[in-house]
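The values are calculated or read from the model by the stated rules, or taken from the named source; none is laboratory data. What you are looking at is a predicted structure, and each value in this text was computed from that prediction instead of being measured. Every residue, glycine among them, receives a Cβ derived from its backbone with ideal geometry; neighbour counts consider all protein chains shown. To get the accessible areas, we keep the full protein, side chains included, count just its heavy atoms, and leave off ligands, DNA and RNA. Shrake-Rupley method; radii C 1.70, N 1.55, O 1.52, S 1.80 Å.
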Amino acid sequence: MVLTVTMNPAVDREIYLEDFQVNKLHRIRDYTKTRMSPGGKGINVSIALSRLGIPSIAMGFVGGHMGRILLEELRRTSHLITTNFVHVDGETRENIEIIDEKRHTITEINFPGPEIKKSDLEAFLRRYRTVLARANCVVISGSLPLGVNEEVCAELVRMAKESGATVFVELVPSIVEKMLLAGYAPDVVKLDLRESGQTFFSRKLETFEVHVEIAEEIASKSKLAILSYEVKNDIVALDGEVWMITAREEIDLSHTLGAGDAYVAGMVYYFLKHGLKPLEMAKYGFAAALASTRMKEKTWPTLEEIERELSFFDLERVK
Amino acid sequence: MKVRDAMVYDLSAVFEDETVENVIRMLSKQELSGLPVVDREMRVVGFVNEEDLIKAIVPSYFSLLRSASFIPDTNQLMKNLVKIKDKPICNFMNKVPVVVKEDDALIVAADYLIRYGFRFLPVVNDNMQLLGIIRRIDVLKVVLEGKEEI
């Protein structure tokens, strides 16, 4: 069973506009131009896996009216997703994504979410420990809510590894740094680089060379490291090798919502079916992400759609 | 129709050593009338609902009275709650949990819900581990949706 952890889930609201401008009233008259769905990176992985017929348990914190909406929507999405959330005071956040179909841009506004009390975190850790007995694969991804410090993620990795699970993470560099410093390296690391200007151990993630260097450094402790480089490339490092995967066609930036989560789901799917084969997992994940970018809305590809994409990218060894 | 067609796959539960106060807070936050009680292996060992907890704080002699309306309120409920709030919920739970399995016929779940007066039942696997719950409304909804198949 796959266990996904989303500490700070959200109700995602996608809004499609023709010509988004700041300081201007935009009135939506067509309901097909707006969509509400359960979100947060781990939850997205659970939903994407359910499209591939893979059951999972989704864990995290929810609160208030928005939390109840999120759970109802998630349960409606698929019976392959078992929910296991700690209910907290405060409201689950809403994430607003404004997709401009004319200018091909995405503007995202992410709320902070409820503040997590010490007792809520303790309740979560106890449930997590119990559910780990059922999990052979754990996915930890997304942002952290207020009240949860970055060291908690290293603790989650430690507990999962001790229970014998294979651990995938998609997290911001600062959290991955802490995991590596604590000596608890996940098996698969995909850095969440959506925010610009991020650093990894004080190095700015700007040039190709720095991306390669950091991927190698992570892979020296994990089995697979993946870093996005510009929109259409991924740097993939494993066992002394570094590869670059490049999409053959240009990718529309406004179609990239959820692509990173589809990537992780693709890797998890490949791992469950074929075992831990890092380069093959990365290729499958890339194909899943590519398939998700074919549609403008946040959608999750089927197996056929993923496999069709396997011939639409190039693989080159760079080191 | 099977239980799996109507159940909610959710692992909301309380551990048997959880305090009464925490359980009341959980029920309140989740707007639930009751929760399965589980051990460390997530096996269902009991069931707790609002009724059990209210019974625990209402003075026992009340059940002997035809009416309690003439008795002045002396904050008896609060005083009794203070006495039990830190006690483990296993002292107040229903220790013979009524459960169903995913492959049980839906009519079995419907019968248990009415026979035992519960608003929902835990759904377990062969090891009694919690898989989810089935609520009265889930039974009614799935039957309503499936009526056109007949």
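Listed by position, the strands (runs of 3 or more DSSP E) enclosed by segment A:92-185 that each have at least 1 residues that are open to solvent by 40 Å² or more (accessible area, probe 1.4 Å) and closer than 24 Å to A:LEU74 by Cα are A:93-100, A:105-110.
Looking only at residues in segment B:20-68 that are of a type in the set (D, E, K, R) and within 23 Å of A:PHE124 (Cβ to Cβ), the one that is modelled with the lowest pLDDT is B:GLU31.
Here B:LYS79 fulfils each of the conditions (1) without any contact (Cβ under 8 Å) to a residue 40 or more places away in the chain; (2) part of a helix (DSSP H, G or I); (3) open to solvent by 90 Å² or more (accessible area, probe 1.4 Å); (4) within 14 Å of chain A (Cβ to nearest Cβ) apart from (4). Against the test of being modelled with pLDDT of 95 or more and within 30 Å of B:LYS141 (Cα to Cα), the options A:ILE54, A:ILE69, A:ILE140 yield a single qualifying residue, A:ILE54. Filtered by the rule that a residue be open to solvent by 50 Å² or more (accessible area, probe 1.4 Å) and either in contact with a His (Cβ under 7 Å, 6 or more places away or on another chain) or within 14 Å of chain A (Cβ to nearest Cβ) (or both), segment B:43-63 gives a lone residue, B:ARG43.
Within segment B:87-96, the set of residues being closer than 17 Å to B:GLU18 by Cα and assigned to a loop (DSSP other than H, G, I, E, B) comprises B:LYS87, B:PHE92, B:MET93, B:LYS95.
Results for (1) at the interface with chain B (Cβ under 9 Å from one of its Cβ atoms); (2) assigned to a helix (DSSP H, G or I), shown as yes or no for each residue.
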{"residue": "A:ARG29", "(1), (2)": "no, no"}
{"residue": "A:GLY42", "(1), (2)": "no, yes"}
{"residue": "A:GLY60", "(1), (2)": "no, no"}
{"residue": "A:LEU70", "(1), (2)": "no, yes"}
{"residue": "A:LEU74", "(1), (2)": "no, yes"}
{"residue": "A:PHE85", "(1), (2)": "yes, no"}
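Look at A:SER78 and say whether it is free of Cβ contacts under 8 Å to residues at least 40 places away in the same chain, within 19 Å of B:VAL8 (Cα to Cα) and surrounded by fewer than 24 Cβ atoms within 10 Å (Cβ to Cβ).
Yes.
Any residue at all in segment A:8-25 that's closer than 28 Å to B:TYR9 by Cβ, in contact (Cβ under 8 Å) with a residue 40 or more places away in the chain and in contact with a Lys or Arg (Cβ under 6 Å, 6 or more places away or on another chain)? Yes, because at least one residue in segment A:8-25 is closer than 28 Å to B:TYR9 by Cβ, in contact (Cβ under 8 Å) with a residue 40 or more places away in the chain and in contact with a Lys or Arg (Cβ under 6 Å, 6 or more places away or on another chain). Residue by residue through segment B:43-63, note down the ones that are part of a helix (DSSP H, G or I), closer than 19 Å to B:GLY117 by Cα and not acidic (Asp, Glu). Those that are part of a helix (DSSP H, G or I), closer than 19 Å to B:GLY117 by Cα and not acidic (Asp, Glu): B:LEU53, B:ILE54, B:LYS55, B:ALA56. Residue count for segment A:122-138 satisfying the condition of being more than 14 Å from chain B (Cβ to nearest Cβ) and under 25 Å from A:GLU91 (Cβ atoms): 0. The set of residues in segment A:19-43 that are under 25 Å from A:ARG103 (Cβ atoms) and either buried (at least 21 other Cβ atoms within 10 Å of the Cβ) or touching an Asp or Glu at 6+ places or on another chain (Cβ under 6 Å) (or both) comprises A:PHE20, A:ARG35, A:SER37, A:GLY39. Take the conditions (1) at positive phi; (2) in contact with a strand residue (DSSP E or B) (Cβ under 7 Å, 6 or more places away or on another chain); A:GLY164 misses just one of them, which is (2).
Determine which member of the set B:ARG40, B:ARG66 is more than 14 Å from chain A (Cβ to nearest Cβ), assigned to a loop (DSSP other than H, G, I, E, B) and open to solvent by 20 Å² or more (accessible area, probe 1.4 Å). The conditions single out B:ARG66. Of all residues in segment B:1-28, those that are open to solvent by 60 Å² or more (accessible area, probe 1.4 Å), closer than 30 Å to B:LEU144 by Cα and at the interface with another protein chain (Cβ under 10 Å from one of its Cβ atoms) total 3.
Considering only residues that are over 18 Å from the mean Cα position of the chain (by Cα) and open to solvent by less than 40 Å² (accessible area, probe 1.4 Å), look in segment A:223-244 and name the one that is farthest from A:GLY197 (Cα to Cα). Among those residues, the one meeting the criterion is A:LEU238. Answer with yes or no whether A:GLY285 is closer than 27 Å to A:GLY183 by Cα, among the small types (Gly, Ala, Ser) and touching a helix residue (DSSP H, G or I) at 6+ places or on another chain (Cβ under 8 Å). Yes, satisfied. Residues of segment A:245-299 that are open to solvent by less than 50 Å² (accessible area, probe 1.4 Å), without any contact (Cβ under 8 Å) to a residue 24 or more places away in the chain and not in a loop (DSSP other than H, G, I, E, B): A:TYR270 alone.
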